[in-house]
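Here is the structure we will look at, set down as structure tokens.
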Amino acid sequence: MSPALPRRRRRKDGEEEPAAQQGGAQEALESSGEAQPQEAAPQQAGDKAQGVPEAASSAAEGAASGAAEQEQQEPPPAPAPVFRPGPAPREGGRVAVHARARYVRISPRKARLVCEHIRGRTVAEARAVLEHTPRAVARDWAKLLESAVANAEHNHELAAEDLVVRAAYADAGPTIKRFRPRAMGRATPIMKRTAHLTITLTTER
């Protein structure tokens, strides 16, 4: 049989614990190191509170210095080019402003029937002739005439009232070839012709 352990006397309410027991409990806590973290906790909280503003200030300084370096490294933007109208080209001692429309879906023969009526006329007269010409290609010639007038006004500072149609002609462009099936297994070609239209304006008749 194991020896009987002495019974521990219960304390009554209001009775103080013996001093020997209090001292032993305090020594046990000090030896285990549980009291030290409680005292060090406020100091660590204070150190963290002081470290947060320092980190924020250092980050702000780093961002400001980085932005300043980037501004110094970036070259200044190049100035936008300024258009300055130059002198109009001359052919045979006379001013000549050209406009060209290429690959127009019309046959050169039909285009030449209209351009013969505006050659040698002023811009106002040519506009009136093209407006009342009952042919589909007249619309293409009218658009090309307006393009030539815009070139003269914008690029060479010439007035539309002083311009005359010096030359207007149509050259043959490439032909688009297609085929149509016919009777008895035959095929006939379809020639879809194109034309290059040109207008030259000048300031002298």
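The values are calculated or read from the model by the stated rules, or taken from the named source; none is laboratory data. No experiment lies behind these values; they were computed from the predicted model shown. Here the Cβ is made from the backbone with ideal geometry for all residues, glycine too, and neighbour counts use every protein chain on show.
In segment 188-205, which residues are assigned to a loop (DSSP other than H, G, I, E, B) and either without any contact (Cβ under 8 Å) to a residue 12 or more places away in the chain or farther than 18 Å from Arg90 by Cβ (or both)? Spell out how you get there, then give the answer.
From segment 188-205, those assigned to a loop (DSSP other than H, G, I, E, B) are 193-194, 203-205; that's our starting set.
If the condition is that a residue be assigned to a loop (DSSP other than H, G, I, E, B) and either without any contact (Cβ under 8 Å) to a residue 12 or more places away in the chain or farther than 18 Å from Arg90 by Cβ (or both), then Arg193, Thr194 are the ones that fit.
Residues of segment 103-137 being more than 25 Å from Ala159 (Cβ to Cβ) and assigned to a helix (DSSP H, G or I), which ones? Give the steps one after another, and end with the answer.
Kept after step one, since they are more than 25 Å from Ala159 (Cβ to Cβ), are these residues of segment 103-137: 103-114, 116, 133-137.
Pro108, Arg109, Lys110, Ala111, Arg112, Leu113, Val114, Val137 - these are the residues of segment 103-137 that are more than 25 Å from Ala159 (Cβ to Cβ) and assigned to a helix (DSSP H, G or I).
Condition check: modelled with pLDDT of 95 or more and under 43 Å from the mean Cα position of the chain (by Cα). Does Thr194 satisfy that? It would help to see each step written out before you state the result.
On the way: modelled with pLDDT of 95 or more: yes; under 43 Å from the mean Cα position of the chain (by Cα): yes.
In short, yes.
Only residues that are loosely packed, with under 14 Cβ neighbours inside 10 Å, charged (D, E, K, R) and outside any strand (DSSP E or B): list them for segment 147-187, please.
Correct list: Glu157, Glu161, Arg182, Arg186.
Residues to consider are Ala142, Ala124, Ala159; find the one that is under 20 Å from Glu204 (Cβ atoms), free of Cβ contacts under 8 Å to residues at least 24 places away in the same chain and over 32 Å from the mean Cα position of the chain (by Cα).
On the way: Ala142 fails: under 20 Å from Glu204 (Cβ atoms); Ala124 fails: free of Cβ contacts under 8 Å to residues at least 24 places away in the same chain.
Unique residue meeting the criteria: Ala159.
Report the residue count in segment 130-146 for those that are more than 18 Å from Arg102 (Cβ to Cβ) and crowded, with 17+ Cβ neighbours inside 10 Å.
Total satisfying the criteria: 3.
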